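Quick notes on the structure that follows.
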Amino acid sequence: LVVPKPDGDPFHKNAFFNPLMEFNRSAASLAFYAAAKQLGKKMVFADGLCATGARGLRFLNENSALAEKCFFIDANNDVIPLLEKNIELNNAGGKSVVVNEGFNTGLKKTGEKMDWIELDPFGSSLDFLQTSFACLADNSFLSVTGTDLATLCAAKKQNIEAAKKTYGCSIFRNDFVHEMALRVLVAKTILLADKNGFRAAPKISFFQGHAIKTILECRRGETGLGKKIGFVNECVKCFEKTISLKPIPTCSCGARNHHAGPLWLGELIDEGFVREMIEENNKRDYKVKKALGKLLELLVGESGFPPYCYFIHAEASRLNASCPKKTFVLEKLRKKGFKACETSFGPKLIKTNAGRRELCEIIISSRKENEKN
(Lines give C-alpha, C1' and ligand atoms only; values in the text may rest on other atoms or scores of the structure.)
Protein backbone atom coordinates (compact mmCIF):
# COMPACT_ATOMS: atom_id res chain seq x y z
CA LEU A 1 0.00 0.00 0.00
CA VAL A 2 1.37 3.37 -1.03
CA VAL A 3 0.51 5.95 1.63
CA PRO A 4 1.62 9.50 2.45
CA LYS A 5 4.85 9.84 4.41
CA PRO A 6 4.12 9.19 8.12
CA ASP A 7 5.83 12.37 9.36
CA GLY A 8 3.67 15.08 10.88
CA ASP A 9 -0.07 15.16 11.47
CA PRO A 10 -1.85 12.56 9.27
CA PHE A 11 -5.17 14.39 9.60
CA HIS A 12 -4.00 17.45 7.64
CA LYS A 13 -2.25 15.90 4.65
CA ASN A 14 -3.52 16.27 1.09
CA ALA A 15 -3.86 12.49 0.94
CA PHE A 16 -5.09 10.71 4.04
CA PHE A 17 -4.22 7.36 5.61
CA ASN A 18 -4.90 6.54 9.27
CA PRO A 19 -2.91 3.55 10.62
CA LEU A 20 -4.94 3.70 13.86
CA MET A 21 -7.97 2.40 11.96
CA GLU A 22 -6.30 -0.97 11.28
CA PHE A 23 -8.49 -2.61 13.95
CA ASN A 24 -11.64 -1.09 12.48
CA ARG A 25 -10.70 -2.20 8.97
CA SER A 26 -9.92 -5.74 10.17
CA ALA A 27 -13.29 -6.01 11.94
CA ALA A 28 -15.07 -4.70 8.84
CA SER A 29 -13.32 -7.24 6.60
CA LEU A 30 -14.44 -10.09 8.86
CA ALA A 31 -17.98 -8.71 8.80
CA PHE A 32 -17.83 -8.46 5.00
CA TYR A 33 -16.92 -12.16 4.94
CA ALA A 34 -19.80 -13.10 7.26
CA ALA A 35 -22.24 -10.98 5.23
CA ALA A 36 -21.23 -12.53 1.90
CA LYS A 37 -21.53 -16.00 3.42
CA GLN A 38 -25.03 -15.12 4.63
CA LEU A 39 -26.08 -13.74 1.23
CA GLY A 40 -24.47 -16.68 -0.57
CA LYS A 41 -23.06 -14.60 -3.42
CA LYS A 42 -20.21 -12.40 -4.56
CA MET A 43 -20.84 -8.84 -3.46
CA VAL A 44 -20.76 -5.60 -5.44
CA PHE A 45 -19.78 -2.92 -2.97
CA ALA A 46 -18.66 0.68 -2.50
CA ASP A 47 -15.76 1.98 -0.44
CA GLY A 48 -17.01 5.49 0.23
CA LEU A 49 -14.56 8.31 1.04
CA CYS A 50 -11.93 5.68 0.32
CA ALA A 51 -8.73 7.83 0.30
CA THR A 52 -5.81 5.47 -0.48
CA GLY A 53 -8.22 2.53 -0.81
CA ALA A 54 -6.91 0.57 2.16
CA ARG A 55 -10.30 -0.71 3.29
CA GLY A 56 -11.72 -1.69 -0.09
CA LEU A 57 -8.48 -3.38 -1.15
CA ARG A 58 -8.41 -5.39 2.05
CA PHE A 59 -11.97 -6.54 1.37
CA LEU A 60 -10.94 -7.62 -2.14
CA ASN A 61 -7.74 -9.36 -1.02
CA GLU A 62 -9.02 -11.05 2.12
CA ASN A 63 -12.39 -12.08 0.69
CA SER A 64 -11.45 -12.57 -2.96
CA ALA A 65 -13.87 -15.43 -3.59
CA LEU A 66 -16.76 -13.37 -2.17
CA ALA A 67 -16.09 -9.96 -3.77
CA GLU A 68 -17.20 -9.23 -7.33
CA LYS A 69 -16.49 -5.52 -7.74
CA CYS A 70 -15.50 -2.51 -5.62
CA PHE A 71 -16.33 1.11 -6.45
CA PHE A 72 -13.68 3.32 -4.83
CA ILE A 73 -15.28 6.75 -4.33
CA ASP A 74 -13.37 9.88 -3.31
CA ALA A 75 -13.56 13.55 -4.30
CA ASN A 76 -9.92 14.34 -3.40
CA ASN A 77 -7.90 14.78 -6.61
CA ASP A 78 -4.63 14.45 -4.69
CA VAL A 79 -5.43 10.92 -3.53
CA ILE A 80 -6.47 9.44 -6.87
CA PRO A 81 -2.90 8.72 -8.14
CA LEU A 82 -2.12 6.88 -4.88
CA LEU A 83 -5.40 4.98 -5.06
CA GLU A 84 -4.80 3.89 -8.66
CA LYS A 85 -1.24 2.82 -7.79
CA ASN A 86 -2.54 0.76 -4.87
CA ILE A 87 -5.11 -0.97 -7.08
CA GLU A 88 -2.29 -1.81 -9.50
CA LEU A 89 0.02 -3.08 -6.71
CA ASN A 90 -2.72 -5.39 -5.46
CA ASN A 91 -3.61 -6.71 -8.94
CA ALA A 92 -7.17 -5.53 -8.31
CA GLY A 93 -7.80 -3.67 -11.57
CA GLY A 94 -10.26 -6.25 -12.84
CA LYS A 95 -12.50 -5.81 -9.81
CA SER A 96 -12.06 -2.07 -9.21
CA VAL A 97 -13.74 1.09 -10.47
CA VAL A 98 -12.40 4.51 -9.39
CA VAL A 99 -14.99 7.26 -9.03
CA ASN A 100 -13.41 10.71 -8.51
CA GLU A 101 -16.52 12.45 -7.13
CA GLY A 102 -18.09 13.40 -3.83
CA PHE A 103 -19.70 10.39 -2.20
CA ASN A 104 -23.35 11.27 -2.80
CA THR A 105 -22.82 12.22 -6.45
CA GLY A 106 -20.34 9.42 -7.13
CA LEU A 107 -22.45 6.65 -5.61
CA LYS A 108 -25.44 7.65 -7.75
CA LYS A 109 -23.27 7.80 -10.87
CA THR A 110 -22.27 4.15 -10.51
CA GLY A 111 -25.81 3.14 -11.43
CA GLU A 112 -25.41 0.06 -9.24
CA LYS A 113 -27.51 -1.39 -6.45
CA MET A 114 -24.89 -2.18 -3.83
CA ASP A 115 -24.72 -5.31 -1.68
CA TRP A 116 -22.47 -3.47 0.79
CA ILE A 117 -21.72 0.22 1.32
CA GLU A 118 -18.80 1.23 3.52
CA LEU A 119 -18.85 4.68 5.14
CA ASP A 120 -15.71 5.84 6.96
CA PRO A 121 -15.68 9.66 6.94
CA PHE A 122 -14.20 12.31 9.18
CA GLY A 123 -16.78 12.85 11.92
CA SER A 124 -20.39 11.91 11.27
CA SER A 125 -21.74 9.65 8.50
CA LEU A 126 -25.23 11.21 8.55
CA ASP A 127 -24.77 13.29 5.38
CA PHE A 128 -24.22 10.10 3.38
CA LEU A 129 -27.00 7.86 4.67
CA GLN A 130 -29.88 9.07 2.49
CA THR A 131 -27.92 8.41 -0.71
CA SER A 132 -26.72 5.08 0.66
CA PHE A 133 -30.28 3.83 1.20
CA ALA A 134 -31.22 4.99 -2.31
CA CYS A 135 -28.40 2.87 -3.76
CA LEU A 136 -28.62 -0.26 -1.58
CA ALA A 137 -29.94 -3.49 -3.02
CA ASP A 138 -32.68 -5.39 -1.25
CA ASN A 139 -31.11 -7.70 1.33
CA SER A 140 -27.83 -5.78 1.64
CA PHE A 141 -25.46 -4.38 4.25
CA LEU A 142 -24.60 -0.85 5.38
CA SER A 143 -21.39 -0.32 7.34
CA VAL A 144 -21.22 3.00 9.21
CA THR A 145 -18.27 4.44 11.15
CA GLY A 146 -18.53 7.58 13.28
CA THR A 147 -15.58 9.49 14.74
CA ASP A 148 -17.57 12.42 16.15
CA LEU A 149 -17.33 11.07 19.69
CA ALA A 150 -16.84 14.47 21.31
CA THR A 151 -20.30 15.42 20.05
CA LEU A 152 -22.00 12.15 20.96
CA CYS A 153 -20.33 11.72 24.37
CA ALA A 154 -21.48 15.09 25.74
CA ALA A 155 -17.93 16.17 26.56
CA LYS A 156 -18.99 19.82 26.82
CA LYS A 157 -22.21 21.84 26.85
CA GLN A 158 -21.73 22.80 23.19
CA ASN A 159 -21.46 19.09 22.31
CA ILE A 160 -24.85 18.44 23.89
CA GLU A 161 -26.30 21.22 21.75
CA ALA A 162 -24.51 19.91 18.64
CA ALA A 163 -25.87 16.39 19.19
CA LYS A 164 -29.40 17.75 19.43
CA LYS A 165 -28.94 19.72 16.22
CA THR A 166 -27.16 16.97 14.23
CA TYR A 167 -28.77 13.78 15.54
CA GLY A 168 -32.01 15.14 16.97
CA CYS A 169 -31.22 13.53 20.33
CA SER A 170 -30.83 14.44 23.97
CA ILE A 171 -27.63 13.31 25.69
CA PHE A 172 -25.90 13.93 29.01
CA ARG A 173 -22.52 13.23 30.56
CA ASN A 174 -22.59 9.86 32.31
CA ASP A 175 -20.60 6.70 33.07
CA PHE A 176 -21.61 4.91 29.86
CA VAL A 177 -21.04 7.66 27.28
CA HIS A 178 -19.49 5.44 24.59
CA GLU A 179 -22.41 3.02 24.68
CA MET A 180 -24.78 5.99 24.59
CA ALA A 181 -22.97 7.37 21.54
CA LEU A 182 -23.10 4.04 19.72
CA ARG A 183 -26.78 3.50 20.46
CA VAL A 184 -27.64 7.03 19.25
CA LEU A 185 -25.88 6.30 15.95
CA VAL A 186 -27.63 2.94 15.55
CA ALA A 187 -31.04 4.48 16.30
CA LYS A 188 -30.55 7.35 13.86
CA THR A 189 -29.47 4.95 11.10
CA ILE A 190 -32.40 2.61 11.72
CA LEU A 191 -34.91 5.47 11.72
CA LEU A 192 -33.55 6.77 8.40
CA ALA A 193 -33.66 3.24 7.00
CA ASP A 194 -37.30 2.99 8.07
CA LYS A 195 -38.14 6.21 6.21
CA ASN A 196 -36.54 4.72 3.09
CA GLY A 197 -38.47 1.47 3.25
CA PHE A 198 -35.77 -0.67 4.84
CA ARG A 199 -35.77 -2.73 8.00
CA ALA A 200 -32.22 -2.27 9.28
CA ALA A 201 -31.03 -4.76 11.91
CA PRO A 202 -27.63 -4.47 13.63
CA LYS A 203 -25.34 -7.43 12.91
CA ILE A 204 -22.37 -6.04 14.83
CA SER A 205 -21.86 -2.69 16.58
CA PHE A 206 -18.92 -1.65 18.74
CA PHE A 207 -16.78 1.10 20.22
CA GLN A 208 -13.01 0.98 19.78
CA GLY A 209 -10.33 3.62 20.13
CA HIS A 210 -11.70 6.89 18.78
CA ALA A 211 -14.53 5.46 16.71
CA ILE A 212 -17.92 3.80 16.89
CA LYS A 213 -19.12 1.40 14.21
CA THR A 214 -22.33 -0.36 13.30
CA ILE A 215 -22.97 -2.79 10.44
CA LEU A 216 -26.63 -3.38 9.62
CA GLU A 217 -28.49 -5.82 7.42
CA CYS A 218 -31.04 -3.93 5.32
CA ARG A 219 -34.18 -5.58 3.89
CA ARG A 220 -36.90 -3.80 1.96
CA GLY A 221 -40.53 -3.73 3.02
CA GLU A 222 -40.06 -4.89 6.60
CA THR A 223 -40.14 -1.73 8.67
CA GLY A 224 -41.20 -1.34 12.29
CA LEU A 225 -38.10 -1.61 14.48
CA GLY A 226 -38.92 1.78 16.00
CA LYS A 227 -40.43 0.02 19.03
CA LYS A 228 -36.88 -0.79 20.13
CA ILE A 229 -35.88 2.87 20.06
CA GLY A 230 -36.32 4.90 23.23
CA PHE A 231 -34.53 6.51 26.17
CA VAL A 232 -32.23 5.76 29.07
CA ASN A 233 -33.18 7.88 32.10
CA GLU A 234 -30.79 8.51 35.00
CA CYS A 235 -31.69 10.24 38.26
CA VAL A 236 -29.58 13.29 39.13
CA LYS A 237 -29.75 12.37 42.84
CA CYS A 238 -29.76 8.57 43.28
CA PHE A 239 -28.32 7.71 39.83
CA GLU A 240 -30.88 4.93 39.31
CA LYS A 241 -31.32 4.10 35.62
CA THR A 242 -34.52 3.20 33.77
CA ILE A 243 -35.39 2.59 30.13
CA SER A 244 -38.55 3.82 28.41
CA LEU A 245 -40.02 4.57 24.99
CA LYS A 246 -40.50 8.21 26.02
CA PRO A 247 -38.44 10.31 28.48
CA ILE A 248 -39.41 9.93 32.15
CA PRO A 249 -39.04 13.40 33.72
CA THR A 250 -38.93 12.30 37.38
CA CYS A 251 -37.29 9.42 39.24
CA SER A 252 -39.26 7.35 41.77
CA CYS A 253 -37.24 9.10 44.51
CA GLY A 254 -38.77 12.41 43.46
CA ALA A 255 -35.67 13.98 41.85
CA ARG A 256 -35.50 14.85 38.15
CA ASN A 257 -34.02 12.58 35.51
CA HIS A 258 -31.46 13.17 32.83
CA HIS A 259 -32.33 11.27 29.69
CA ALA A 260 -30.49 10.08 26.59
CA GLY A 261 -32.25 9.31 23.33
CA PRO A 262 -33.73 8.45 21.01
CA LEU A 263 -31.29 5.56 21.13
CA TRP A 264 -31.34 1.88 20.23
CA LEU A 265 -32.56 -0.26 23.14
CA GLY A 266 -32.24 -3.62 21.36
CA GLU A 267 -29.30 -5.94 20.80
CA LEU A 268 -26.21 -4.40 19.21
CA ILE A 269 -25.17 -7.66 17.55
CA ASP A 270 -26.49 -10.81 15.93
CA GLU A 271 -24.78 -13.64 17.82
CA GLY A 272 -24.62 -16.05 14.88
CA PHE A 273 -23.09 -13.36 12.67
CA VAL A 274 -20.43 -12.46 15.25
CA ARG A 275 -19.58 -16.12 15.85
CA GLU A 276 -18.98 -16.45 12.10
CA MET A 277 -16.55 -13.54 12.43
CA ILE A 278 -14.84 -15.18 15.42
CA GLU A 279 -14.34 -18.40 13.48
CA GLU A 280 -12.86 -16.56 10.50
CA ASN A 281 -10.67 -14.36 12.72
CA ASN A 282 -9.08 -17.52 14.12
CA LYS A 283 -8.02 -18.46 10.56
CA ARG A 284 -6.49 -15.10 9.66
CA ASP A 285 -3.11 -13.75 10.64
CA TYR A 286 -4.04 -10.22 11.68
CA LYS A 287 -1.69 -8.23 13.89
CA VAL A 288 -4.79 -7.29 15.90
CA LYS A 289 -6.07 -10.89 15.93
CA LYS A 290 -5.92 -11.34 19.71
CA ALA A 291 -7.49 -7.96 20.55
CA LEU A 292 -10.15 -8.42 17.89
CA GLY A 293 -10.99 -11.90 19.17
CA LYS A 294 -11.36 -10.53 22.69
CA LEU A 295 -13.70 -7.76 21.54
CA LEU A 296 -15.88 -10.18 19.58
CA GLU A 297 -16.17 -12.54 22.57
CA LEU A 298 -17.13 -9.62 24.83
CA LEU A 299 -19.81 -8.55 22.35
CA VAL A 300 -21.34 -12.02 22.42
CA GLY A 301 -21.27 -11.99 26.24
CA GLU A 302 -23.12 -8.65 26.39
CA SER A 303 -26.26 -9.96 24.70
CA GLY A 304 -29.38 -9.80 26.86
CA PHE A 305 -28.27 -6.93 29.12
CA PRO A 306 -29.76 -3.44 29.60
CA PRO A 307 -28.53 -0.68 27.22
CA TYR A 308 -26.10 0.89 29.69
CA CYS A 309 -23.06 0.09 31.85
CA TYR A 310 -21.92 0.73 35.42
CA PHE A 311 -18.55 2.29 36.26
CA ILE A 312 -17.52 0.62 39.53
CA HIS A 313 -14.92 3.27 40.43
CA ALA A 314 -17.45 6.09 40.05
CA GLU A 315 -20.08 4.25 42.08
CA ALA A 316 -17.56 3.58 44.87
CA SER A 317 -16.54 7.24 44.86
CA ARG A 318 -20.17 8.34 45.26
CA LEU A 319 -20.41 6.07 48.30
CA ASN A 320 -17.08 7.29 49.75
CA ALA A 321 -15.97 3.65 49.64
CA SER A 322 -12.82 1.99 48.37
CA CYS A 323 -13.26 0.44 44.96
CA PRO A 324 -13.52 -3.38 44.98
CA LYS A 325 -12.06 -5.54 42.24
CA LYS A 326 -14.26 -6.04 39.22
CA THR A 327 -14.07 -9.82 39.66
CA PHE A 328 -15.41 -9.48 43.22
CA VAL A 329 -18.40 -7.42 42.07
CA LEU A 330 -19.22 -9.76 39.19
CA GLU A 331 -19.02 -12.84 41.44
CA LYS A 332 -21.25 -11.30 44.14
CA LEU A 333 -23.86 -10.18 41.59
CA ARG A 334 -24.04 -13.67 40.12
CA LYS A 335 -24.33 -15.26 43.57
CA LYS A 336 -27.32 -13.00 44.23
CA GLY A 337 -28.99 -14.37 41.08
CA PHE A 338 -28.27 -11.45 38.76
CA LYS A 339 -26.67 -11.56 35.35
CA ALA A 340 -23.34 -9.74 35.17
CA CYS A 341 -20.46 -9.52 32.71
CA GLU A 342 -17.47 -7.52 31.56
CA THR A 343 -18.15 -5.13 28.72
CA SER A 344 -16.49 -4.03 25.50
CA PHE A 345 -17.01 -0.37 26.41
CA GLY A 346 -14.11 -0.23 28.86
CA PRO A 347 -12.03 -2.34 31.26
CA LYS A 348 -13.48 -0.62 34.35
CA LEU A 349 -17.12 -1.01 33.32
CA ILE A 350 -19.56 -3.87 33.86
CA LYS A 351 -23.03 -4.79 32.66
CA THR A 352 -25.71 -6.26 34.92
CA ASN A 353 -29.47 -6.54 35.15
CA ALA A 354 -29.23 -5.59 38.84
CA GLY A 355 -30.30 -2.12 39.92
CA ARG A 356 -27.88 0.44 41.28
CA ARG A 357 -29.09 -0.24 44.85
CA GLU A 358 -27.99 -3.88 44.66
CA LEU A 359 -24.67 -2.86 43.10
CA CYS A 360 -24.02 -0.34 45.86
CA GLU A 361 -24.78 -2.94 48.55
CA ILE A 362 -22.07 -5.16 47.07
CA ILE A 363 -19.55 -2.29 46.94
CA ILE A 364 -20.25 -1.49 50.60
CA SER A 365 -20.04 -5.18 51.54
CA SER A 366 -16.53 -5.33 50.07
CA ARG A 367 -15.43 -2.68 52.56
CA LYS A 368 -16.89 -4.68 55.45
CA GLU A 369 -15.11 -7.84 54.29
CA ASN A 370 -11.82 -5.95 54.07
CA GLU A 371 -12.32 -4.65 57.63
CA LYS A 372 -12.89 -8.20 58.91
CA ASN A 373 -9.73 -9.41 57.22
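The values are calculated or read from the model by the stated rules, or taken from the named source; none is laboratory data. Just so it is clear, the model here is predicted, and its values are computed rather than measured. Cβ placement follows ideal geometry from the backbone for every residue including glycine, while neighbour counts extend to all protein chains displayed. Side chains are part of the model used for accessible areas, which takes the heavy atoms of the whole protein and leaves out ligands, DNA and RNA. Shrake-Rupley method; radii C 1.70, N 1.55, O 1.52, S 1.80 Å.
At-a-glance table
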{"item": "Phi-based couplings in Hz for region 83-88 (Karplus 6.51, -1.76, 1.60; Gly and Pro marked x)", "result": "4, 5, 5, 5, 4, 5"}
{"item": "Placed amide H near residue 52: partners under 5 Å, 5+ positions off or other chain", "result": "16"}
{"item": "Vicinal HN-Hα couplings computed from phi for region 116-126 (Karplus, 6.51 cos²θ - 1.76 cosθ + 1.60; Hz; Gly/Pro x)", "result": "8, 10, 9, 10, 9, x, 6, x, 7, 9, 4"}
{"item": "Per residue convex hull volume, Cα atoms of the chain, in Å³", "result": "157 Å³"}
{"item": "Three-way shape label, region 218-359, alpha-carbon gyration tensor, a/c 1.5", "result": "oblate"}
{"item": "Anisotropy class of region 63-135 from Cα gyration tensor, a/c 1.5 cut", "result": "oblate"}
{"item": "Long-range amide H partners of residue 123 with built H, under 5 Å", "result": "147, 148"}
{"item": "Where labels lie 7 Å past Cα in the beta-carbon direction, separation of residue 150 and residue 348 in nm", "result": "2.2 nm"}
{"item": "For the chain, built as a Gaussian network whose Cα springs stay under 10 Å, the top-fluctuating residue of 307, 202, 249", "result": "249"}
{"item": "Fluctuation leader among 28, 314, 51 - the chain, Gaussian network, Cα springs under 10 angstrom", "result": "314"}
{"item": "Sulfur and carbon atoms: percent of accessible area, the chain [1.4 Å]", "result": "50 percent"}
{"item": "For region 286-301, Karplus couplings with θ = phi - 60° (6.51, -1.76, 1.60), whole Hz, Gly/Pro x", "result": "6, 5, 9, 3, 5, 5, 5, x, 5, 4, 4, 5, 5, 4, 5, x"}
{"item": "Candidates 43, 21, 114, ranked by Gaussian network fluctuation over the chain, Cα under 10 Å, top entry", "result": "21"}
{"item": "Probe 1.4 Å, accessible area per residue of the chain, Å²", "result": "45 Å²"}
{"item": "Lysines with Cα under 16 Å of residue 227, excluding same-chain neighbours fewer than 8 positions away", "result": "188, 195, 246"}
{"item": "Alpha-carbon centroids, region 289-340 and region 218-267: separation in whole Å", "result": "21 Å"}
{"item": "Cα gyration tensor shape for region 315-368, rounded if a/c is under 1.5, else prolate or oblate", "result": "oblate"}
{"item": "Charge dipole magnitude, Cβ of K and R +1, D and E -1 - the chain, Cα centre, debye nearest 20", "result": "1240 debye"}
{"item": "Nearby aspartates and glutamates by direct alpha-carbon distance to residue 113 (threshold 12 angstrom, same-chain neighbours under 8 apart not counted)", "result": "138"}
